[in-house]
Amino acid sequence: LTNVKTFLTFIVVTHHVVCQFSAKQADGLGTYAVDMDMATFQVSGYNSFFPGATWFKNVNQSYFMAAFFFISAYFCPKSMDRKGFRRFVEDKLVRLGGGFLLYSLLLGPIMILFCRAYGGYPVSYEFYVGPPWFILWLLNFTLIYAVIAQFAAPVKMNMPHPVILLLFGAFLSAAFYGVAVGVPQEWQYLGNMVKWWYGIGLYIPFFTAGIIAGRNDWMKSVEEMETWCVWMLRTITVGFWVLIFCTVGGWLSFIPNFNVFMTANSLIPPVYAVPMTLALIQFFHQYFNGTPPSKIAKNAGAAAYTVYIIHPLIYNVWIIAFIAILKAAGVSIWWSQEQTFLYLTVDPATGQPSMLPDGYIWAGWLWTLILSQLTMWPLAHYMRQLPVLNKIL
């Protein structure tokens, strides 16, 4: 499972860099590869980067944080058995609470300060949550579990058959859809949860399942899964990838008569997250489960938590370097005053803000992704060895 968490962290970083070069949906500086009415989501034009980027983002967003909650919860029961309630809670407060505060009080505000300064915006300090919203809610769920475990009997349950779990995913989709369409938007980010329809329809169920799985050692069942089940899960997962691509194609009008993008986004995630998570865990067990692990895999697994915390700050450094290269090459950069941190170029024919050319978007994404991944993992490895931080990270 450590290798799965490392992979998921790599995907989170990649996901956020894709966000910043497609529709500026992550933290810090970003640009648009689409001309879209943000109120109605009507698209009037897009660069070649945008369709694949949208597919990639939807494929990830629909499962990867749920998988993080499941895997993190899996280790909780035996950890509390070993440490006892008090030490378990203290350790979680230091590691999770400390990690959250490290970003929201220090690293996040530093990122906001230098992004504001570079974009010519007013500079000010602000408490900033960012991606560690996950760490905050993992801490919340973990502390709730620790308290409940003091008076509730452990749930004894063998891993249900994967087909049963798929049906459970379909049931969760109904709850997911109900919260997505029934709860007002102003409530969806209450308590720094990123979309409560994901919280109720995915994150709470997956965390709960992880607790039950850890208590009853479900990984043995995954390891012993029959071949036909393995290929069923893989086939269903790939089928969802194709379906998600078709929904993107319908939205962007290169696949006719398939305009179900918004509805699909409110239904697909839970029923897709179940087979995707199971298939991913089984795949890594089968192909990436070396014993003992290689030195690189071991160090990457240890550094993954730190990478998750620091990655927005690092990729924004490389985005600034990319923008500086564009400026040096004579490309005009326009900064939005309505949407902070959004940058575009200027159309020389009209003098109006416009999307960067296709080649610049692709080059910026590759530049930022490769250099971010190459620098943040070694940096995280050495940050973990610093005094104080070695207790948190």
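The values are calculated or read from the model by the stated rules, or taken from the named source; none is laboratory data. Note that the structure is a prediction, hence the values are computed from the model and not measured. Backbone-built Cβ (ideal geometry, glycine too); neighbour counts: all protein chains shown. Quick note on the areas: whole protein, heavy atoms, side chains included, nothing else; ligands and nucleic acids left out. Shrake-Rupley method; radii C 1.70, N 1.55, O 1.52, S 1.80 Å.
Among the residues in segment 171-179, are any closer than 28 Å to Phe284 by Cα, modelled with pLDDT under 95 and not aromatic (Phe, Trp, Tyr)?
yes
Which members of segment 318-328 meet the condition of being open to solvent by 80 Å² or more (accessible area, probe 1.4 Å) and not β-branched (Val, Ile, Thr)?
Lys327, Ala328
Could you give every pair whose Cβ atoms fall below 8 Å, whose first residue belongs to segment 26-45 and is open to solvent by 40 Å² or more (accessible area, probe 1.4 Å), and whose second residue is part of a strand (DSSP E or B) and modelled with pLDDT of 85 or more, counting only separations of at least 6 or pairs across chains?
Asp35/Gly45; Asp35/Tyr46; Val43/Val34; Val43/Asp35; Ser44/Asp35
Looking at Phe88, Phe10, Phe114, Phe64, can you tell me which residue is over 22 Å from Thr340 (Cα atoms), open to solvent by 40 Å² or more (accessible area, probe 1.4 Å), touching a helix residue (DSSP H, G or I) at 6+ places or on another chain (Cβ under 9 Å) and hydrophobic (A, V, I, L, M, F, W, C)?
Phe10
Restricting attention to helices (runs of 4 or more DSSP H) lying wholly within segment 130-245, give those where 3 or more residues are over 24 Å from Thr54 (Cα atoms) and open to solvent by less than 40 Å² (accessible area, probe 1.4 Å).
Helices (runs of 4 or more DSSP H) meeting the threshold: 133-148, 162-182, 204-216.
Quickly run through segment 91-109 and pick out the residues that are open to solvent by 30 Å² or more (accessible area, probe 1.4 Å) and aliphatic (A, V, I, L, M).
Leu93, Val94, Leu101, Leu105, Leu106
Which members of segment 325-373 meet the condition of being farther than 24 Å from Val43 by Cβ and small (Gly, Ala, Ser)?
Ala328, Ala329, Gly330, Ser332, Ser372, listed by residue number.
Output the number of the condition that Pro275 fails; it satisfies all remaining conditions of (1) surrounded by 15 or more Cβ atoms within 10 Å (Cβ to Cβ); (2) in a loop (DSSP other than H, G, I, E, B).
Going through the list (1) surrounded by 15 or more Cβ atoms within 10 Å (Cβ to Cβ); (2) in a loop (DSSP other than H, G, I, E, B), Pro275 breaks only (2).
Being over 22 Å from Ala321 (Cα atoms) and open to solvent by less than 20 Å² (accessible area, probe 1.4 Å): is that true of Ala73 here?
yes
Among the residues of segment 246-272, which ones are within 22 Å of Tyr203 (Cβ to Cβ) and open to solvent by less than 40 Å² (accessible area, probe 1.4 Å)?
Answer for segment 246-272, where residues must be within 22 Å of Tyr203 (Cβ to Cβ) and open to solvent by less than 40 Å² (accessible area, probe 1.4 Å): Ala264, Ser266, Ile268, Pro269, Pro270, Val271, Tyr272.
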